[in-house]
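Chemist: My questions will all concern the structure given below.
The values are calculated or read from the model by the stated rules, or taken from the named source; none is laboratory data. The structure displayed is predicted, hence computed values, not measured ones. Cβ: placed from backbone, ideal geometry, glycine included. Neighbour counts: every protein chain shown.
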Amino acid sequence: MSAAALEARGLTLVYGSGETAVRALDGVDFQANAGEIQALMGPSGSGKTTLLMILGCLLHPTAGEVRVEGQLVAGLPNPALARLRLQRMGFIFQSYNLFPALTAAENVQVALELKGHDLGEAPALLELVGLGGRLHNFPRQLSGGEKQRVAIARALAGAPPILLADEPTAALDSINGRAVVKLLAQLAHEQRRAVVVVTHDPRVGDLADRIVHIEDGRIQC
Amino acid sequence: MMRGQAYRWGMGMAGLLAWRNLAHDRSRFVVTLVGISFAVVLIAMQIGLFLGFTDSATNVIRHTRADFWIVPKGSRNFEITMPLSERELYLARSVPGVAHAEALLVQFAIWKKPGGGDESVLLVGADLNTGLAGPWNIVAGHLEDLRRPDTVMIDRLFAETLGVSALGTTVEIRDQRARVVGFTQGIRSFTTNPWVFASYRTAQHLTQFAESETNYVIGTFEPGADPVRVQDALARILPRTDVDLSEQFAARTRDYWMFTTGAGASVLVSAVLGLLVGMVIVAQVLYATTVDHLPEFGTLRAMGAPRAFVYKVILSQAVISATLGHLPGIAASLLLAKASESGAALVLIPPSLAVGLFGVTLIMCVFASIISIRKAMDIDPAMVFQR
Ligand SMILES: Nc1ncnc2c1ncn2[C@@H]1O[C@H](COP(=O)(O)OP(=O)(O)OP(=O)(O)O)[C@@H](O)[C@H]1O
Ligand SMILES: [Mg+2]
């Protein structure tokens, strides 16, 4: 059997030190597989974002290990980690983080160029998220849900096997929120990507294949 | 698909992002460009003044068609002269390889304006028969007119200063009457004392210079003679003089006025100040632009963009600003230089300076973007999740 898209063991993360130290994660095991969408849920401050950042190779755990498609990431130098994120992962953020001065198509093209793909793929990617008609609109001309879909199209550039989303629906109303999560679920199932979605919203959780609860930095069974 | 100018210039998405980020805040972009243009004008005018001064300091020497100059030993420039004995002229003529040698008179003199008032002028008396020295760029009157006794030519630039409104005006030089028979155009003087051109005989008469003395001996070499050899031979036979090739005497005069007197240094210091002011303006605005777009740089880093991409965005901002700021700056400078042609101080902006200044602007903008690059690289890509 091939390796899981993402696999983490015994993750512990302590922010700061001494009196002010915060143990954000405490011995977390986690796995994400191709073709599956998982919801990571838990109260505020429970460590969801922290876990996602470690899985996304943006934060080194205090203890424990992360494997991306079987490869141990500990000890990789920063440029190699950046390359791993660029080529194997797509990120979706709560506040979209689009480039405001670029159009929808150009936002996607930045990612395409970075990943060494043909810029001509942008319209098809936007088509895929239902924005085929908004190629030349700037973010300020798009609704929240549309912006998040541009962000998803950008994350899909270069067809990374792993998608990591931190509260992608938090700024959206429930209809748009559900639409975005449905889109992510569809991408997981139809394109066999491993999708991890952090969310507070139980209605979003319903659409996931699996829900992982986290509380005080520990996975709840 | 229309991807904007920056993309077509071959700067890729980094260039496009840079261009759009700049254009996004229009008023600030205009301020940037005005700042850069201003710096370019400042630098161009100072260097142009330097070149103009240099030109004025040596124009009479450079327009003299002599191969060599025999000058009193220790002379430091063309204007402040010492006497040379007529004997040196005869000795020079006897040196093999010398085709021709003649005397040149250069003397300060007091010029009495027709309407009253004095002006200190530099009188140049040259042998009109050979055409080696004397006025050029004559725009009114004829060189032949100077052959008549006690006639002089002045430059249009100084006509007003000298109280001359038309040809034929009679003035007094060292209390001798002289008549203005011609005007030249654009012959400036570094010392600001107007040049007054006359025949050798007239100059001798007006200054009452002893027949046995002169100021310079200038001449030409035989065709095919080795200039350095003849120069050495002249120096040997004329131990109380310095023998310069034409360009050496020009350099001697230029170095004296530009560097020994500090006049050149002060202009160059202003040019460097212009550069620093420009750099500070550009650094300030590029930094503000970068700070405004910091979250985007964080997003790029989180996505896994290599450092080089971030450098490219910020350097593209610098290059775009430099290019668009240089053009109006240099255009304004060229206009000012054109206008200076009829003014007291000449500003010279040759094409090489205009192009060279683009290089300077580019370097200035790139240097100014270094702190922006550091700022952008300092951000933690994880911050994009923590908002
Ligand atoms: N940079 C940091 N320095 C110190 N403590 C931090 C830092 N980031 C997070 N923490 C702490 O770590 C714990 C987990 O934070 P994290 O952001 O992972 O929670 P979360 O589950 O994403 O919360 P939310 O739902 O509010 O986004 C919290 O107690 C938080 O205060
Ligand atoms: Mg969070």
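Chemist: Regarding B:Glu172, is this residue surrounded by fewer than 18 Cβ atoms within 10 Å (Cβ to Cβ) and part of a strand (DSSP E or B)?
Modeler: Criteria met by B:Glu172.
Chemist: Any chance region B:74-87 includes a residue that's among the aliphatic types (A, V, I, L, M), within 30 Å of A:Ala101 (Cα to Cα), more than 14 Å from every other protein chain (Cβ to nearest Cβ) and under 26 Å from the mean Cα position of the chain (by Cα)? Walk me through it before giving the result.
Modeler: First pass over region B:74-87, keeping only residues among the aliphatic types (A, V, I, L, M): B:80, B:82, B:84.
Restricting the remaining residues to those that are within 30 Å of A:Ala101 (Cα to Cα) gives none.
No, region B:74-87 contains no residue that is among the aliphatic types (A, V, I, L, M), within 30 Å of A:Ala101 (Cα to Cα), more than 14 Å from every other protein chain (Cβ to nearest Cβ) and under 26 Å from the mean Cα position of the chain (by Cα).
Chemist: Can you pull out the residues in region A:26-74 that are within 16 Å of ligand 2 (Cβ to nearest atom), among the aliphatic types (A, V, I, L, M) and away from chain B (no Cβ under 14 Å)?
Modeler: Result: A:Val28, A:Ala39, A:Met41.
Chemist: Condition check: facing another protein chain (nearest Cβ under 10 Å), buried (at least 24 other Cβ atoms within 10 Å of the Cβ), out of contact with any Asp or Glu (no Cβ under 7 Å at 6 or more places or on another chain) and not aliphatic (A, V, I, L, M). Does A:Gln148 satisfy that? I'd like the intermediate steps shown before the answer.
Modeler: Values: facing another protein chain (nearest Cβ under 10 Å): no; buried (at least 24 other Cβ atoms within 10 Å of the Cβ): yes; out of contact with any Asp or Glu (no Cβ under 7 Å at 6 or more places or on another chain): yes; not aliphatic (A, V, I, L, M): yes.
Spelling it out, it is not the case that A:Gln148 is facing another protein chain (nearest Cβ under 10 Å), buried (at least 24 other Cβ atoms within 10 Å of the Cβ), out of contact with any Asp or Glu (no Cβ under 7 Å at 6 or more places or on another chain) and not aliphatic (A, V, I, L, M).
Chemist: Still on this structure, please answer the following. If you take just the strands (runs of 3 or more DSSP E) that sit entirely in region A:151-221, which of them hold at least 2 residues that are among the β-branched types (Val, Ile, Thr) and within 16 Å of ligand 1 (Cβ to nearest atom)?
Modeler: It comes to A:194-199, A:210-215.
Chemist: Here's something else I'd like to know. I'd like to check something: does region A:150-166 contain any residue that is touching a Ser or Thr at 6+ places or on another chain (Cβ under 6 Å) and within 16 Å of ligand 2 (Cβ to nearest atom)? Give the steps one after another, and end with the answer.
Modeler: The initial filter retains those residues of region A:150-166 that are touching a Ser or Thr at 6+ places or on another chain (Cβ under 6 Å), namely A:166.
Now drop any that are not within 16 Å of ligand 2 (Cβ to nearest atom), which leaves A:166.
Looking for residues that are touching a Ser or Thr at 6+ places or on another chain (Cβ under 6 Å) and within 16 Å of ligand 2 (Cβ to nearest atom), one finds at least one in region A:150-166, hence yes.
Chemist: If you don't mind, another one. Would you mention how many residues in region B:195-239 are more than 33 Å from the chain's Cα centre (by Cα) and within 13 Å of B:Leu91 (Cα to Cα)?
Modeler: Within region B:195-239, residues that are more than 33 Å from the chain's Cα centre (by Cα) and within 13 Å of B:Leu91 (Cα to Cα) number 5.
Chemist: Let me ask something else. With respect to A:Gly64, is the statement that it is in a strand (DSSP E or B) and touching a Gly at 6+ places or on another chain (Cβ under 6 Å) true?
Modeler: yes
Chemist: Something else about it: Residues A:Thr103, A:Thr12: which one is more than 16 Å from ligand 2 (Cβ to nearest atom), modelled with pLDDT of 95 or more, among the hydroxyl-bearing types (Ser, Thr, Tyr) and under 23 Å from A:Gln148 (Cβ atoms)?
Modeler: Values: A:Thr12 fails: under 23 Å from A:Gln148 (Cβ atoms).
None of the others qualify; the one that does is A:Thr103.
Chemist: If you scan region A:97-118, which residues turn out to be more than 7 Å from chain B (Cβ to nearest Cβ), assigned to a loop (DSSP other than H, G, I, E, B), under 20 Å from the mean Cα position of the chain (by Cα) and buried (at least 22 other Cβ atoms within 10 Å of the Cβ)?
Modeler: Answer for region A:97-118, where residues must be more than 7 Å from chain B (Cβ to nearest Cβ), assigned to a loop (DSSP other than H, G, I, E, B), under 20 Å from the mean Cα position of the chain (by Cα) and buried (at least 22 other Cβ atoms within 10 Å of the Cβ): just A:Leu98.
Chemist: Hey, another quick one. Where in region B:1-107 are there helices (runs of 4 or more DSSP H), lying fully within it, with 2 or more residues that are more than 23 Å from B:Arg201 (Cβ to Cβ) and either in contact (Cβ under 8 Å) with a residue 24 or more places away in the chain or of a type in the set (Ser, Thr, Tyr) (or both)?
Modeler: B:12-24, B:26-62
Chemist: Select from region A:119-137 the residues that are within 12 Å of chain B (Cβ to nearest Cβ) and out of contact with any Leu (no Cβ under 7 Å at 6 or more places or on another chain) and write down the one among them that is surrounded by the fewest Cβ atoms within 10 Å (Cβ to Cβ).
Modeler: The extreme case among them is A:Gly120.
Chemist: Could you run through region A:37-78 and say how many residues are among the basic types (Lys, Arg) and within 18 Å of A:Ile219 (Cα to Cα)?
Modeler: The number of residues fulfilling the criteria is 1.
Chemist: Going by what's in this entry, would B:Ser369 be described as under 30 Å from A:Cys57 (Cβ atoms) and in contact with a helix residue (DSSP H, G or I) (Cβ under 9 Å, 6 or more places away or on another chain)?
Modeler: So B:Ser369 fits the description; yes.
Chemist: While we're here: Hey, could you check region A:15-34 for residues that are away from ligand 1 (no atom under 12 Å from the Cβ) and within 18 Å of A:Arg67 (Cβ to Cβ) and say which is nearest to the chain's Cα centre (by Cα)?
Modeler: Only one residue fits best here, namely A:Ala32.
Chemist: If you don't mind, another one. When you scan region A:81-97, do you find a residue that is touching a residue at least 40 places away in the same chain (Cβ under 8 Å), over 23 Å from A:Arg203 (Cα atoms) and within 16 Å of ligand 1 (Cβ to nearest atom), even just one?
Modeler: yes
Chemist: List pairs: first in region B:371-382 and within 14 Å of chain A (Cβ to nearest Cβ), second within 16 Å of ligand 1 (Cβ to nearest atom) and modelled with pLDDT under 85, Cβ under 9 Å, 6+ apart or cross-chain?
Modeler: B:Asp380/B:Gln386
Chemist: Name the residue that is farthest from the other protein chains (Cβ to nearest Cβ), counting only residues in region B:250-295 that are over 24 Å from B:Val310 (Cα atoms) and β-branched (Val, Ile, Thr).
Modeler: Result: B:Thr253.
Chemist: Another question, then. Which residues, taken from region A:162-182, are under 16 Å from the mean Cα position of the chain (by Cα) and crowded, with 19+ Cβ neighbours inside 10 Å?
Modeler: Once the filter is applied, which keeps residues that are under 16 Å from the mean Cα position of the chain (by Cα) and crowded, with 19+ Cβ neighbours inside 10 Å, region A:162-182 yields A:Ile162, A:Leu163, A:Leu164, A:Ala165, A:Asp166, A:Glu167, A:Pro168, A:Thr169, A:Gly177, A:Val180, A:Val181.
This table checks each residue for (1) within 16 Å of ligand 2 (Cβ to nearest atom); (2) more than 14 Å from chain B (Cβ to nearest Cβ); (3) modelled with pLDDT under 95; (4) more than 19 Å from A:Phe30 (Cβ to Cβ).
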site: A:Leu187; (1), (2), (3), (4): no, yes, yes, yes
site: A:Val195; (1), (2), (3), (4): no, yes, no, no
site: A:Arg203; (1), (2), (3), (4): no, yes, yes, yes
site: A:Gln220; (1), (2), (3), (4): no, yes, yes, no
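Chemist: Kindly check whether there is at least one residue in region A:13-31 that is in contact (Cβ under 8 Å) with a residue 12 or more places away in the chain and assigned to a loop (DSSP other than H, G, I, E, B).
Modeler: The answer is no; no qualifying residue exists.
Chemist: Next up: Among the numbered criteria (1) without any contact (Cβ under 8 Å) to a residue 12 or more places away in the chain; (2) outside any helix (DSSP H, G or I); (3) of a type in the set (A, V, I, L, M), which single criterion is violated by B:Ala235?
Modeler: (2)
Chemist: Would it be correct to say that A:Ala5 is buried (at least 19 other Cβ atoms within 10 Å of the Cβ), more than 16 Å from ligand 2 (Cβ to nearest atom) and more than 30 Å from A:Asn137 (Cα to Cα)?
Modeler: On the way: buried (at least 19 other Cβ atoms within 10 Å of the Cβ): yes; more than 16 Å from ligand 2 (Cβ to nearest atom): yes; more than 30 Å from A:Asn137 (Cα to Cα): yes.
So A:Ala5 fits the description; yes.
Chemist: Considering each residue of region B:296-337, count those that are away from chain A (no Cβ under 14 Å) and over 23 Å from A:Arg83 (Cβ atoms), and give that number.
Modeler: Step one: filter region B:296-337 for residues away from chain A (no Cβ under 14 Å), giving B:314-315, B:318-319, B:321-337.
Subsequent filtering for residues that are over 23 Å from A:Arg83 (Cβ atoms) retains B:318-319, B:321-337.
Matching residues across region B:296-337 total 19.
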